[in-house]
Amino acid sequence: MKGTNLGEFEELVLLTVGILYDNAYSVAIQQELNRQTDRKVSISSVHTAVYRLEEKGLLDSRMGEMSSERGGKRKRIFTISQAGKEALEKANELRNRMRNQIPEIAFEHLR
Amino acid sequence: MSTHNPPKLPLKIFRSFCSEERLEELEGDLYEVYNAFIDERGSLYANLFYWWIVIRSFRSFALKRTKMRNKGHLLSIASLSHNIKIAWRNIIRRKTTTAINIIGLAIGISGFVAIFSLISYELSFNKHLPDRDRIYRVYTEFGGAFSGTNSGTAVPVATFLKDYVSGIETVTHFHNQSFDVAVEDKAGNTQSYSRSNIILADPTYFKVVNQYKWLAGSPHTALLNPGQVVLERKQAEKYFGRIAPLDMVGRKIIYQDSLDVMVSGIVELTADRTDFNFTDFISFKSTETTWLKDFFTADDWSSVSSGWQTFIQVYENTSEEQLNDILVALNQEAKKNQTNSVWETIYKIQPLDDLHYGTNLGIFDHSGPATQLLTLKVLLGVAVALLIIAIFNFINLETAQAINKSKEVGLRKSLGVSKSSLITRFLTESTLVAFLAALVSLPLSFYGVEFFSEFVPKEFSIELSNPLFWVSLLLLVFVVGFLAGIYPAFIASSFSPAQTLKPTLKFTPKSGGKRLRKVFIVSQFIVAQLLVICTLAMLSQVSYLLEKEMGFEDEGVIYFRTPYYETIEKQQVLLNELSKIPQIQTLSYHQEIPARQGWSKSTMKYYDQDSTEIIHSVHQKKGDINYLELYQLELIAGRNVHEKADRETLINETYAKMLGFDDPKKAVGVRMLNGEKVFEVVGILKDFHFQSLHSEIEPLMYTYEPKNSRIIGMAVDTDQLKTVIDQVNDRWDHVYPDDPLEMQFMDETIESFYQTEQRTSKVAMVATVVAILISCLGLFGLISYNIIQKSKEVGIRKVLGASLLNIGTILSKEFFILILVAFVVAFPVSYILIGYWMEDFSYTTNISWWIYGLGGIISIVIALMTIGAKIWKASDANPVESLRYE
């Protein structure tokens with residue numbers, strides 16, 4: 001497992017899990033992502049991401065209750081772990097710090 | 001909101017590859033997504049979409065391998081040795097089952113090993129020759145009144161190709177000959193040998209057949225001049241003893257009393273699997289000064305001999321058209337030099353790779369018969385079938401026995417062992433059994449090769465020293481272990497621990513696998529019955545062939561050939577001597593015995609009443625006037641030919657009918673022409689089989705011609721055989737002191753026509769026994785299982801007063817139905833197969849229905865014997881035993 005570096009899609013998934021709070025299972029994550037980002041995300045890409053994030057320790061999970069909508073199967077509900085929270089903050093901070101280092105003059109020509 | 005269930009097939013696929021831990025959540029997710037899609041796009045699209053997402057889910061997160069718990073554990077040495085230990089204990093504990101399993105698999109494996117070794121041996125011939133893909137043999141096909149092929153060419157073909165045709169890198173020709181060899185040792189004593197692997201060749205031979213290491217001499221000069229001979233090292237050591245190759249050079253060898261040559265080179269073969277296994281290479285130029293010269297008339301395009309072999313090596317990248325051009329040029333020249341108009345010779349080429357397998361042409365005159373590729377394919381089929389039957393058997397028994405493993409499975413599962421490691425554990429067991437079976441199969445396959453020694457080439461043996469053999473055998477063990485073990489492993493490992501561990505109830509698994517077992521039993525019996533029926537049919541045809549009257553006397557007739565290079569007068573001396581032996585009843589000399597494998601034909605012309613020309617290709621028999629008496633050939637009209645009347649002839653009924661005489665007797669007196677020579681028919685022979693019964697009776701004529709009649713035949717009282725043979729030997733030695741006498745019995749000669757058939761039926765017989773044996777092992781295993789399953793039923797029935805017979809019927813009924821089902825399939829298939837095999841013969845026996853019936857009955861009887869004892873024991877058991885558990 002390679003550190004806590006986040007890919008862009010992984011970061012989005014992580015954020016979505018946070019937004020959905022106690023209802024973050026794969027299908028809900030997919031729908032929320034579709035709504036928020038306006039792009040078509042397939043269920044298996046979400047699966048790939050959440051399980052990898054769990055492997056990295058950024059997400060925790062437990063089994064939820066079963067429902068008829070799911071053919072009587074239980075869902076796995078994900079929550080952000082402490083490490084996940086730190087990773088998000090780190091990514092956020094890194095982005096802000098680097099954003100702030102861009103001198104005003106770099107945007108001069110865009111005016 | 002109503003929900004829809006996703007399509008079954010993709011779901012099944014998904015379940016099959018998805019890991020257990022993830023299955024529930026993922027399946028639920030897919031279910032949800034699928035239903036959402038239905039609302040959006042309708043169910044058709046949704047179904048397609050479901051397929052798509054199942055395929056997309058074939059990734060690491062879902063796959064079984066991601067089970068982190070088992071990582072490393074699965075393949076560790078510790079678990080492997082644990083598995084092997086447990087497997088070994090299981091094997092030891094269940095002795096009967098294990099023995100049945102091992103024996104069944106061992107038979108299958110040994111058959112496979114023996115046949116596979118033989119096939120790879122046969123397929124490796126001539127593969128060592130460099131440039132073999134551009135070497136071809138030129139052979140002859142006859143057209144016109146005369147049809148057939150000959151592996152050789154006319155003498156001038158090679159010279160013509162060499163001098164006038166472009167596009168050929170090397171042309172080589174050689175003449176294969178058998179000679180008497182005389183070698184003089186240092187002390188001046190002469191040792192003689194009789195050798196057949198001798199060729200007359202020139203240096204081009206070593207260029208094309210590039211398979212020799214030169215121990216002495218040079219490939220370029222060793223055969224260049226008259227009086228030279230190159231020897232193969234092993235043969236040279238037979239002639240001169242174990243001396244250095246260089247010391248052999250310069251020694252003198254005399255071939256056939258008159259061909260004096262000096263050793264100019266010693267070569268060693270670099271491969272054993274070669275058809276070019278000649279030992280003496282005499283320089284071609286040596287013939288120019290000897291009597292052999294007459295054999296090789298350099299401009300005679302019309303005599304084709306299989307001894308005269310022509311090979312060409314074309315340039316690299318020669319196209320089909322270029323090859324064709326070479327043949328066109330050759331055939332034009334051949335046509336130009338054609339001296340007779342009745343038949344023509346057409347030259348064709350055979351790739352070197354086909355040399356060993358061209359059964360039409362044969363390999364060389366003095367080599368063994370060519371291998372039939374079809375035979376190899378059939379053998380491969382038999383080998384695979386044997387292995388599959390054995391594997392079926394194993395699967396059958398193991399699934400039946402899986403119930404015995406239920407306790408183990410339950411306990412392990414409740415201790416947290418995963419299904420996959422249970423499967424590994426059972427596969428270890430089956431592989432171990434396969435390994436033991438392979439060990440047992442080694443001596444078995446050796447015995448098998450020994451048993452079939454008449455089939456396999458003398459040089460063939462299973463190569464124990466070849467590491468490849470062991471690697472393949474090990475691979476086979478793993479494949480067999482896996483194939484045989486995987487299904488039972490799945491069955492056994494799927495038991496649920498809760499059920500298996502309940503103490504009171506006796507655990508009975510679901511009926512799963514029962515149908516499969518039935519399919520296996522039926523297919524085993526189909527194979528067994530097929531073999532039984534086909535073997536019976538073959539045996540009855542072979543005995544028909546051997547017993548059918550050929551139309552001439554073959555018992556008590558002995559014949560032998562006199563040396564062709566000796567004068568006819570010398571033969572007359574021997575004949576005079578032989579006529580003094582009182583026990584010889586009839587004595588005759590002739591060119592050919594009445595029936596043989598080969599033939600010689602001439603074209604005969606006949607003009608009927610309307611002067612229409614009728615041409616036939618007619619078989620020729622020639623000899624003295626006693627021929628008819630010796631072989632008791634019957635005349636239906638006319639008389640025998642007179643001594644010295646070489647224009648008189650006898651024809652057979654068939655020929656007379658073909659000439660237009662409805663009543664063959666009326667053909668007496670007609671005349672016909674062979675070229676310019678006129679023959680008059682003086683008698684009509686009753687039809688007799690002068691070829692094997694594969695062929696129909698064709699036109700035949702007999703003429704008086706003592707000239708080339710080198711066969712002496714005699715009728716002997718069978719009780720006097722020993723004395724006659726001794727006396728004949730004695731007289732022979734007086735007349736031909738240097739030549740060996742080889743006597744043959746006519747009836748044995750006829751038997752040898754059907755060697756292939758006798759061999760095939762022998763194989764079929766063994767295959768039958770093996771197939772029945774394996775099927776019975778399977779049956780035995782299954783009945784034991786059934787009896788255990790039904791022990792309670794039997795007990796209750798007995799208590800209620802059922803008779804032994806009743807119970808026996810209940811227990812065995814199912815099997816008889818299975819065997820009957822197998823028979824229903826085997827019957828038409830064997831009918832077709834037998835018909836196919838019979839097509840080869842012109843004369844066939846009637847395969848009556850009882851042969852088919854007998855096939856069915858035999859299998860039922862054998863099945864009954866197999867299960868009888870078990871059933872008896874079960875029916876005889878005290879019901880208390882089976883019922884007291886409750």
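From the list B:L805, B:L811, the one residue that fits, being modelled with pLDDT under 85 and surrounded by fewer than 16 Cβ atoms within 10 Å (Cβ to Cβ), is B:L805.
Can you tell me which residue among B:I796, B:I819 is among the aliphatic types (A, V, I, L, M) and in contact with a Pro (Cβ under 8 Å, 6 or more places away or on another chain)?
Just a single option satisfies the conditions, and that option is B:I796.
Against the test of being part of a helix (DSSP H, G or I) and among the aliphatic types (A, V, I, L, M), the options B:I862, B:I847 yield a single qualifying residue, B:I862. Per the conditions (1) touching a residue at least 12 places away in the same chain (Cβ under 8 Å); (2) out of contact with any helix residue (DSSP H, G or I) (no Cβ under 6 Å at 6 or more places or on another chain), the sole criterion not satisfied by B:P737 is (1).
Step by step: first the residues of region A:24-46, then only those that are within 9 Å of chain B (Cβ to nearest Cβ) and in a loop (DSSP other than H, G, I, E, B), then the one that is surrounded by the fewest Cβ atoms within 10 Å (Cβ to Cβ). Which residue is that? The residue in question is A:S42.
With the checklist (1) more than 28 Å from B:K8 (Cβ to Cβ); (2) at the interface with another protein chain (Cβ under 8 Å from one of its Cβ atoms) in hand, flag the one item A:Y51 doesn't pass. With (1) more than 28 Å from B:K8 (Cβ to Cβ); (2) at the interface with another protein chain (Cβ under 8 Å from one of its Cβ atoms) applied to A:Y51, the lone miss is (1). Residues in region B:1-43 that are in a helix (DSSP H, G or I), among the small types (G, A, S) and more than 12 Å from chain A (Cβ to nearest Cβ): B:S16, B:S43. When the test is whether a residue is modelled with pLDDT of 85 or more and either more than 11 Å from every other protein chain (Cβ to nearest Cβ) or touching a helix residue (DSSP H, G or I) at 6+ places or on another chain (Cβ under 6 Å) (or both), B:A46 passes it. Being free of Cβ contacts under 8 Å to residues at least 60 places away in the same chain, in contact with a strand residue (DSSP E or B) (Cβ under 6 Å, 6 or more places away or on another chain) and over 22 Å from B:Y31 (Cα atoms) is a property that A:L12 lacks.
Among the residues of region A:22-54, those identified as over 18 Å from B:F58 (Cα atoms) and in contact (Cβ under 8 Å) with a residue 12 or more places away in the chain are A:D22, A:N23, A:A24, A:Y25, A:I29, A:Q30, A:E32, A:L33, A:Q36, A:T37, A:L53, A:E54.
Scanning region B:54-68 for residues that are without any contact (Cβ under 8 Å) to a residue 60 or more places away in the chain and surrounded by fewer than 21 Cβ atoms within 10 Å (Cβ to Cβ) yields B:I55, B:R56, B:F58, B:R59, B:S60, B:F61, B:L63, B:R65, B:T66, B:M68. Within the option set B:I750, B:I772, B:I712, being over 27 Å from the mean Cα position of the chain (by Cα) and either crowded, with 17+ Cβ neighbours inside 10 Å or of a type in the set (S, T, N, Q) (or both) holds for one residue only, B:I712. Of all residues in region A:26-47, none are out of contact with any helix residue (DSSP H, G or I) (no Cβ under 6 Å at 6 or more places or on another chain) and over 26 Å from B:A46 (Cβ atoms). Going residue by residue through region B:449-459, is there one that turns out to be at pLDDT below 80 and among the small types (G, A, S)? Yes - at least one qualifying residue is present in region B:449-459. Please find, within region B:757-790, the residue that is nearest to B:R94 (Cα to Cα) out of those that are among the charged types (D, E, K, R) and assigned to a helix (DSSP H, G or I). Of everything passing the filter in region B:757-790, B:K762 is nearest to B:R94 (Cα to Cα).
Just one of the listed residues (B:F179, B:F160) is touching a strand residue (DSSP E or B) at 6+ places or on another chain (Cβ under 8 Å), touching a residue at least 40 places away in the same chain (Cβ under 8 Å) and not charged (D, E, K, R), namely B:F179. Which is in contact with a His (Cβ under 9 Å, 6 or more places away or on another chain), farther than 21 Å from B:R671 by Cα and not in a helix (DSSP H, G or I), of B:P563, B:P582, B:P594? The conditions single out B:P594. Looking across region B:239-298 at every residue that is among the charged types (D, E, K, R) and assigned to a helix (DSSP H, G or I), the one that is modelled with the lowest pLDDT is identified as B:D294.
Evaluate region A:55-77: report whether one residue or more is within 20 Å of A:E8 (Cβ to Cβ), surrounded by 19 or more Cβ atoms within 10 Å (Cβ to Cβ), hydrophobic (A, V, I, L, M, F, W, C) and within 9 Å of chain B (Cβ to nearest Cβ). No, region A:55-77 contains no residue that is within 20 Å of A:E8 (Cβ to Cβ), surrounded by 19 or more Cβ atoms within 10 Å (Cβ to Cβ), hydrophobic (A, V, I, L, M, F, W, C) and within 9 Å of chain B (Cβ to nearest Cβ). Restricting attention to region A:61-111 and to residues that are of a type in the set (G, A, S) and in contact with a Phe, Trp or Tyr (Cβ under 6 Å, 6 or more places away or on another chain), the residue that is nearest to B:Y31 (Cα to Cα) turns out to be A:G71. Of all residues in region A:11-23, exactly one satisfies the criterion of being within 14 Å of chain B (Cβ to nearest Cβ) and at pLDDT below 90, namely A:N23.
The values are calculated or read from the model by the stated rules, or taken from the named source; none is laboratory data. Bear in mind the structure is a predicted one, so any value in this text is a computation, not a measurement. All Cβ positions, even for glycine, are placed from backbone atoms using ideal geometry, and neighbour counts span all protein chains on display.
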